[in-house]
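Contents: one structure, followed by commentary.
The values are calculated or read from the model by the stated rules, or taken from the named source; none is laboratory data. Keep in mind the model is a prediction, meaning the values are calculated, not measured. No Cβ is skipped: glycine too gets one built from the backbone with ideal geometry, and neighbour counts run over all protein chains shown. Just so you know, the surface numbers come from the protein's heavy atoms only, side chains and all, with ligands and any DNA or RNA stripped out. Shrake-Rupley method; radii C 1.70, N 1.55, O 1.52, S 1.80 Å.
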Amino acid sequence: MFDNLMVLDHPNIVKFHKYWLDLRETSARVVFITEYVSSGSLRQFLKKTKKNRKTMNARAWKRWSTQILSALSFLHSCDPPIIHGNLTSNTIFIQHNGLIKIGSVWYRVFANELPVPDELRSPLKIQREQNRDLHFFPPEYGYVADNPAVDIFSFGMCALEMAVLEIQCNGDSRVSQQAITQAAQSVEDENMREFILQCLSLEADKRPTAHNLLFHRVLFEVHSLKLLAAHCILNNQYLIPESWLEERTKVIDQNTIIAEIRRKHKPAIVWRYSQVLSLELDKFLDDVRNGIYPLMNFASSRPHILSRGFSLNQEEIQHTKTPTPEPVEVETRKVIQMQCNMEETEDTKRWHLTLFLKLEDRLHRQLSCDLHPTDSSKDIASELVQYGFIHEDDFHKLASFLEEIFHKHRCSLRGTH
């Protein structure tokens, strides 16, 4: 189970980096390292918002709901499906840039999977059964095997809390069904209310899937063509100069028509460049880069195959020594821009390569080396991944970029001879 958690990679799921066993004669523990989330839980945010007598605007509600569903859709489409089983406003976290991440995906490992006696598991049972969180779990919870519908009910309760900031329990130790119904009816937006009530259906088979909910009309905020274009730009940003957007908008005639809707017996509706501010586009590209507008909801639902985690029998565990592992540096940031320079070395027998990389957190990295006649673009890219200079997903991108540079260089050499 832990090995499976380590391969999960989604912008809206708290990353599980590493784990190891700490076995001693009288005790044993699992030590694990997760991604740091800077701005606390969703529950803390909602409490602070209510305390300051503010409300959560519909746009933020749509963005956050989409991100949570994107994560759930990813988990549920794994093979085998991963059920979160403990989704509450306390296990959803917020980054400083507004990105939502769901955590505690490993909770079920401790609650259900580990072969430990009941007396050792009881603190977790108590935690799960705390009255203040019981309303996040559907009526069938604990009576049937966990399935994706459990997470959908929990998400619906989170979506309701985001809409109303707090579900009143009127001094009771737990939130009643009547309080939930009243909170749902207080949601003014009809589409939002219908969306939430679908998720909170008491019949599990009537709850929609996370993938289907992503297409619900209430979540529609950005046109799919605009979103696809933004992802296309960001995926190929290493080919685009940093000031490309600003320079491009300067040379465009602001009165040029981008799109036009022609109507019979009525004036056409036109959309001009002057109606699109470049600063807004920059902010939108940043939001897409940070994962606020995931593309997953426009992709077909397909299973994500997870490697089968290995397990040791009890005898092997007792004789296995687990020293603190040596840290392995792996680059997690992706390259958004690449530049390259090649010049002859002093002996003119070899060429010197200098590579300028800009990472997604705006960090600049300069790398240089002498090229040997046998060096290929793939060899260089592979070494950069191996030594933690670039993300493994950037391997093919960098190899193609270098191959193009080498090809131009070879062509220029032939032209001089």
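Can you give the FRET efficiency to the nearest 0.05 for residue 220 and residue 79, using r as the Cβ-Cβ distance and R₀ = 30 Å?
0.55
Counting only protein heavy atoms and a probe of 1.4 Å, the accessible surface of segment 335-413 is 48% carbon and sulfur. Near residue 13, the amide H atoms lying under 5 Å from its own belong to 102; only residues 5 or more places off or on other chains count, and H is placed 1.01 Å from N.
My understanding is that a pair violates if its Cα-Cα distance is over 21 Å; which of 250/283; 15/50; 378/408; 47/206; 62/334 do that in this structure? In this structure, 15/50; 47/206; 62/334 lie more than 21 Å apart at Cα.
Heavy atoms only, 1.4 Å probe, whole protein assembly: order 273, 36 by accessible area, highest first. Mind dumping the intermediate values first?
On the way: 273 80, 36 175 Å².
If we order 273, 36 from most to least accessible, we get 36, 273.
For the set 30, 105, solvent exposure ranked by accessible area (probe 1.4 Å, protein chains only) runs largest to smallest as 30, 105. Scalar couplings 3J(HN,Hα) for segment 359-374, obtained by applying the Karplus form with A = 6.51, B = -1.76, C = 1.60 to θ = phi - 60°, are 8, 5, 8, 6, 6, 9, 10, 10, 10, 8, 6, 8, 8, 9, x, 8 Hz; x denotes Gly and Pro.
Ranked from the most accessible area to the least, with a 1.4 Å probe and all protein chains present, what is the order of 157, 56?
Output order, biggest surface exposure first: 56, 157.
Kirkwood-type hydrodynamic radius, segment 335-413: 13.0 Å, calculated from all non-identical alpha-carbon pairs. Inter-part distance, segment 363-417 to segment 1-62, computed on C-alpha centroids, equals 37 Å.
In the distance distribution for segment 1-68, Cα-Cα pairs more than 16 Å apart total 66 percent. Across segment 254-267, rounded Karplus estimates of 3J(HN,Hα) from the backbone phi angles (6.51 cos²θ - 1.76 cosθ + 1.60, θ = phi - 60°) give 5, 8, 5, 7, 7, 9, 8, 10, 8, 10, 5, 6, 9, x Hz, Gly and Pro being marked x.
Segment residue 191..residue 365, full-extension length gain: 57.9 nm, with 0.36 nm per residue of separation and the alpha-carbon distance subtracted.
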